[in-house]
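Before any comments, here is the structure.
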Amino acid sequence: MANKKATAKKVEVAPQELENVLPETKVKQKEIKIPTWEFKDRTYYLKTGKSPLVYTIPSRHSQKKPLLYFDKEKGYQRELRYATNHASPFVDEQKGPVTLGRIVLRDGVITVKKQDVCLQKLLSFYHPFLNKVYSEHNPVQDSKNELDWIELELEALNTARSLDIEHAEAILRAEFGSAVSSLSSSELKRDLMIFAKRQPALFIELANDENVQLRNIGVKATEAGILNLSADQRTFTYGQSSRKLMTVPFDEHPYSALAAYFKTDEGMEVYKSILKKLK
């Protein structure tokens, strides 16, 4: 029986619609730009801490009182001016008639309403007096600054409480001189705590300065006559023998130079000898 070749039947495929074949295209959503400028009332105050009845800040450029802002993007100085009928403080953006305004702080303060965008932007961003003569009141930043100060104050007071009398005397002597020699232990601790509270940053710096105690020993040795400092404060000599110890370098404090000398091999022996005599 002869094999018959099977003939393939042609199958017609119905044309498919194009929209079912092409991939779906995603429509990009329009990005919403968040404005960087917050419309609100703003308050500005003098940095001097004083509250004069009236204080006027320059509101337009003049040869006597320049009012310019260097624009980094444009690469040149731009003239500033407070115009009450314009939104921009830049002269080159103020088209048409201009109504000039004055910037007056009363009792050291000025509050600018949110509608006065020109003045707010001038004072908040561009005025050369910003953070030099006046500052913008920022409750959040002010609270951070106050917190930083309180923490610094606490650190200084805790350090002051932990110091022994010798170290306390050394710090006070570095700041107030030989007057501390007449103070009792309780007076030293009291004055140390007051100093730490009033000037915490300086106190912590002195407390961590390894040369403070060395300078203190130098001053006490000079007061006791163990060391002698020449009238011109350039030469230290030792005791009654007047043996020359060192010459103070030009433009250097004599006791700072002496503290550095105590750290040398020769100076260390002198330092040990002084400690024995002071005791």
Over 10 Å intervals from 0, what percent of Cα-Cα pairs in region 65-129 sits in each interval?
20, 53, 23, 3
If the chain between GLU166 and LYS276 were fully extended at 0.36 nm per residue, the gain over the current Cα-Cα distance would be 38.1 nm
Choose one of SER88, TYR44, PRO200: the residue whose Cα lies farthest towards the positive end of the charge dipole of the chain (beta-carbon charges +1 Lys, Arg; -1 Asp, Glu; about the Cα centre).
SER88
Measuring from centroid to centroid over Cα atoms, what is the spacing of region 133-153 and region 155-177 in Å?
27
Can you run phi through the Karplus equation (6.51, -1.76, 1.60; θ = phi - 60°) for region 122-138 and list ³J(HN,Hα) in whole Hz, with x for Gly and Pro?
4, 6, 7, 10, 10, 5, x, 7, 4, 6, 10, 9, 9, 9, 8, 6, 10
Bins of 5 Å from zero: percent of alpha-carbon pairs in the chain:
1, 4, 8, 9, 8, 7, 6, 5, 6, 6, 7, 7, 6, 4, 3, 2, 2, 1, 1, 1, 1, 1, 1, 1, 1, 0, 0, 0, 0
Rounded to the nearest 20 debye, dipole of region 156-209 from Cβ charges on Lys, Arg, Asp, Glu
260
Among 244-251, 136-143, how do they line up from the highest to the lowest mean number of other beta-carbon atoms within 10 Å?
244-251, 136-143
Hand me the tally of lysine pairs in region 214-279: alpha carbons under 13 angstrom apart, and the pair either on different chains or 8 or more positions apart.
4
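Given R₀ = 25 Å, what would the calculated FRET efficiency be for ILE150 paired with LYS40, taking r from the Cβ atoms and rounding to 0.05?
For R0 = 25 Å, the calculated efficiency reads 0.35.
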Within the set LYS64/LYS132; LYS50/LYS95; LYS47/LYS121, which residue pairs have Cα atoms separated by over 26 Å?
LYS50/LYS95
If the chain between GLN199 and SER182 were fully stretched, how many nm would it gain, using 0.36 nm times the residue separation less the Cα-Cα distance?
3.9 nm
Two pseudo-spin positions, 7 Å from Cα along C-beta at PHE125 and at ASN85, lie apart in nanometres by 2.3
For region 156-209, what relative contact order do you get, as a whole percent, if you take Cα pairs closer than 8 Å and at least 6 residues apart?
51
Divide by every residue of the chain the summed helix terms, -39500 (n - 2.57) for each DSSP H run of at least 4, and state the resulting mean residue ellipticity at 222 nm, rounded to the nearest 500 deg cm²/dmol.
-11500 deg cm²/dmol
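We did not get these values from a lab; they are worked out from the coordinates using the rules stated. Fair warning: this is a prediction, and the values are worked out from it, not measured in the lab. Cβ sites come from the backbone with ideal geometry, for glycine too, and all protein chains shown count toward neighbours.
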